[in-house]
Amino acid sequence: MRTLLLLICCFFFQMAAAQQAPDTTVSTSDNGDTVLPSLLLELTHANLRRMPELVAEIEQAGGRAVLPLLAALQNGELYYQEDTRQLVLRRESGGGRITVTDVFSGTDLAGVDTDTLESVRINNRVRGVLQATIARIQLFEGTAAEREHAASIMLSNLDESNIDVLNEAIADEQVASVAAMINVALAMNLLVTDAPQSERLAAVETLSGNLESPVRNLLRSFLDELGRNEQDLEVRAAMESALAGIERKVRFYELVEQAFYGLSLGSVLLLAAIGLAVTFGVMGVINMAHGEMLMLGAYTTYVVQLLMPEFINYSLWVAIPAAFIVSGLVGMFIQRFVIRYLNGRPLETLLATFGISLILQQAVRTIFSPLNRRVVSPDWMSGSWDINPVLSLTNNRLFILLFSIIVFVILLWILKKTSLGLQVRAVSQNRDMAKAMGIRTDWVDAMTFGLGSGVAGIGGVALSQLTNVGPNLGQDYIIDSFMVVVFGGVGNLLGTLVGAFSLGVANMFMEPMTGAVLAKIITLVFIILFIQLRPKGLFPQKGRAAE
């Protein structure tokens, strides 16, 4: 019996010993999991001297898993709760709305009191360490785009440790674009060493055509007599040739960017002037309150965002029809109760609409105050499209450019393919004949004025994404709108399109050389001289009444 009990005890002892071996292995493999929480806890109270070392330790313990945490820390969005010391991601979205999420999972922490959150302090030195740390992690564990971006960041900080990292990364890199960026960094480092002439010439060839700012700065430093001042004539000539080629590319892309901003300005002028072209062409009314229709559309966007603070990303889709309706109804009201009593009296109409513009401005000041209001851009319109290091197209201007073309096509379809458009064209070409044919010209005038004002309201929605919304918003565009209409041809939509983009691009190219005010004056003088040669504009209106 004793022998049996002894055998049973030995069996259970061996089973326990067998189960303890894997436990030791797990605790060793989970060493990072046990170290990382303590490092994260220390992050909430560490002083700034300790932070660089702490960031390095967190990188070693967490690897790619800590990228969201490091990015939040770099952007100033990493906070912790005072009582629990739990790290959270605190972001302030459009309209001042604050969201708190888990740093790693991204889940919303709705029950957290934002008043109890404290930010994790960093300084410029820590930001530099974070940038290099994030780049290192992405260089080995990121996607191809992340690896290329990480290598480009390292161009500005080619110290010994980063060079070792780049040499290690290039050995296993399979993506050509990433390898090319790493080779650029290594070539930059080789130029500052005492390498043989053949290797330095090869390094210059590698840098040739690269548009990164650190590359240009390095080449300039070698050609500057007060800088590194390259003494090897052959290498110096290669550097001068490479820098000249890079500068030519930079100037070309700067012209492309200027043209894009000119088209962006033209798209705003198109949205502002296209409604004016319709009303001016059909009714011959000089509507000085047309700029206030832009303002009403912009304020409608602001009010919609106040009513939808939780749905900023969808607010523009509500604001577009709302602005069209609000501005269109105000325009119809002005036409029915003011302008129709002043038919055939252009001077009185001009003074009346100017007075209406002042009334609308003061009404907005009374309701919303004279201060400018900020309309938040949705996430899908934020950011930019980075084509290369020197050419970047902002998403909001790109969307507005496409949006203006869409509005133009829809309005053109309405005027060409609908019954209302047929009647509008008939009245604009010969009002008396259209009236004799049974067309209700008063109704056409009201609908046309409402349509033109509504399109201006839509332009105000687009304009709110580029500038602050204020009572004087419309005054900045009313004169330009009239110039576009007169230059393109009164009542001609194609002329308005060409005129808007032409004036927008011309202004954008002249402003850097002459300044904004002188550019406006030159444009105005050009239009005056142009009208002397072509009084009816680029695309004159057709019809007997146009004679």
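The values are calculated or read from the model by the stated rules, or taken from the named source; none is laboratory data. From a predicted model like this one, the values you see are computed outputs, not experimental measurements. Virtual Cβ from ideal backbone geometry, glycine too; neighbours counted across all protein chains shown. Areas reflect the complete protein model, heavy atoms only, side chains present, ligands, DNA and RNA absent. Shrake-Rupley method; radii C 1.70, N 1.55, O 1.52, S 1.80 Å.
Per-structure values
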| quantity | calculated |
| --- | --- |
| Space enclosed by the convex hull of the alpha-carbon atoms of region 88-239, per residue, Å³ | 166 Å³ |
| Cα-based reach from residue 435 at 20 Å (exclusive), listing lysines while leaving out same-chain residues under 8 positions away | 416, 542 |
| Calculated P(r) tail over 13 Å for region 422-474, as whole % of Cα pairs | 64 percent |
| Residue order for 365, 228, 147, 345 - accessible surface, 1.4 angstrom probe, largest first | 228, 345, 365, 147 |
| Alpha carbon Rg of region 329-461, scaled by the compact-globule rule 2.2 N^0.38 Å | 1.41 |
| Farthest toward positive dipole pole in the chain [+1 Lys/Arg, -1 Asp/Glu at C-beta], among 360, 176, 114 | 360 |
| Dipole-positive endmost among 486, 302, 291 within the chain (Cβ charges, Cα centre) | 486 |
| Area of residue 354 that stays accessible when all protein chains are in place (1.4 Å probe, Å², to 10) | 90 Å² |
| Three-way shape call for region 47-152 based on the alpha-carbon gyration tensor, with the a/c threshold at 1.5 | prolate |
| Global form of region 233-311, assessed from the alpha-carbon gyration tensor, a/c cut-off 1.5 | oblate |
| Reach of residue 536 by Cα under 15 Å, taken over aspartates and glutamates that are not fewer than 8 positions away in the same chain | 547 |
| Amide H within-cut-off set for residue 373, under 5 Å, with H built and near neighbours excluded | 469, 470 |
| Among [x] 1.37; [y] 1.13; [z] 1.03, the entry that matches Cα Rg over 2.2 N^0.38 Å as calculated here | [x] |
| Karplus (6.51, -1.76, 1.60) ³J(HN,Hα), θ = phi - 60°, over region 514-525, in Hz, Gly and Pro reported as x | 10, x, 5, 5, 5, 4, 5, 5, 4, 4, 5, 4 |
| At 0.692 mPa s and 37 °C, Stokes D of region 298-376 from Kirkwood alpha-carbon radius, µm² per second | 227 µm²/s |
| Charge dipole (debye, nearest 20) of the chain; +1 at Cβ of Lys and Arg, -1 at Cβ of Asp and Glu | 3480 debye |
| Cβ-defined net charge surrounding residue 355, 12 Å radius [Lys, Arg +1; Asp, Glu -1] | -2 |
| Rh (Kirkwood; distinct C-alpha pairs) - region 399-510, Å | 15.6 Å |
| Cα long-axis angle, helix 197-207 against the chain (0 to 90 degrees, to the nearest 10) | 50 degrees |
| Charge-dipole axis of region 381-449 as Lys and Arg at +1 and Asp and Glu at -1 on Cβ define it, positive-most pick from 402, 437, 418 | 437 |
| Mean accessible surface per residue for region 427-547, computed with a 1.4 Å probe while every protein chain stays in place, in Å² | 47 Å² |
| Tensor-based shape of region 217-271 (alpha-carbon gyration tensor, a/c under 1.5 rounded, otherwise prolate or oblate) | prolate |
| Accessible area (Å², 1.4 Å probe, nearest 10) - residue 505 | 40 Å² |
